[in-house]
Each structure stands twice: as structure tokens, then as C-alpha cells.
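Data first, discussion second: the structure below is written as C-alpha cells.
Since every read-out is calculated from the coordinates, none of them should be taken as a lab result. On a predicted model such as this, the values are computed, not experimentally measured, just so you know. Don't worry about glycine lacking a Cβ; one is built from the backbone with ideal geometry, like all the others, and counts go over all protein chains shown.
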Amino acid sequence: NSYDNEFINKYNLLVNLDVFENNGNQTTFSDGVTRLEFAKYLAGLLGVKNQKFTDKVYFNDTTETYVNNLVEMKIVSGCSDGKFEPDRFITSDEVIVMSMRALGYRDYIETRGGTYEYLAEAKKTGLGFSKDFSGVVTLKDVVELLYVLMNKPVMQVVAIGSAEGSSYVNYSDVKGKSLIEV
């Protein structure tokens, strides 16, 4: 496959930000992305890939520091039985949930429900995928999503309430900063 210059520029910017490793022409953008790979890319975007927040190891199937960092940040959670399932291809729902948590929406959304609420809020913020994924999330999909994600403002809940049977939330951006500026 050939990719247009705009896409390649997005990818190269993310390489320069240490989100992706530069593999030259070795990169195959149509490959599926595993849960471990996505965690590494997201940790790279957040600037926590090479830091160590905790000595605690949360899962019995991966000890990667960046995964443990994302758990500490309440962005990543496990699957079952203390497992992260690092080698399983990530789903589009999981990508959106982790991305919305990275933007600071976790506490508000978790009070309302689960995955569906994350997807609904992602659409409102313009973060949702531009197409419907019924199959594997590819590296190309992840490049596009992380490029959009890095320019979104990080949100902080300032008020939650209800009126006339409907709940509402007021957000404030964190000093007007995007994810990569925080």
C-alpha cells in the first residue's frame, strides 16, 4: 500500500515525539496492533514510556513498566484473572476507552456506565474513529487516532449534577493545554 504525504507526515511527527520507533520502510501500516503495542504507543504519547511510577506489577502476563505506569494513571485495566492479554489484538472499543481516560474523562464516564458511555462521549469530543471497525485495529488506524488525540484538550470535571431527570457534566480544559502540552 502507498500512503499519502499527509499520513506519512503524521506518522513521522509521532516518531519524532517518541510514540513510534522509526523502522524506516519496515513499517507495515496494515498490521494489527496488540494491546501491549497500543499501551506502548499511548505511553509514548503521554511521555511516560521510559519513566517508572511504581514498583508494583499489576499483571501476571506482562511486567512492562509502561503498562504499570498506565495502570497507575488509571488509563489501562486488565482483562481477567490478573491478565493484561498483551498479545491479543486490541479492539476499537479498548482503544477509545484508553484514549478517553488519557484525556481525563474516566471519573465522569465511569459514574455513568461502561464502554458505551466512553464511545458516546468520544463521538461528542470528535475523538471517535472516522470509520466503523468490525475487524482488527491497524497501525494506520492508531496513527490517525493518536494524531487527533495529541491535539485534544485534557479535561477536568468541574461539576456533575442532574436537573429535570437528566444528568449533566461541566468540563474545564486544563489551562487550555492539549495532551502533549500537559
Just how large is the dipole of the range 1-120 about the Cα centre, in debye to the nearest 20, putting +1 at every Lys and Arg Cβ and -1 at every Asp and Glu Cβ?
280 debye
Residue pairs, from the table LYS49/LYS83; LYS83/LYS152; LYS74/LYS140, whose Cα atoms sit over 24 Å apart
LYS83/LYS152; LYS74/LYS140
Please give the net charge around TYR3, taking every other residue with its beta carbon less than 15 angstrom from that of TYR3, where Lys and Arg add +1 and Asp and Glu add -1.
-3
Put a dot 7 Å past each Cα toward the Cβ at ASP107 and THR28; how far apart are the dots in nm?
4.4 nm
Given backbone amide H placed at 1.01 Å from N, residues whose amide H is under 5 Å from that of THR34, ignoring those fewer than 5 places away on the same chain, are ILE90
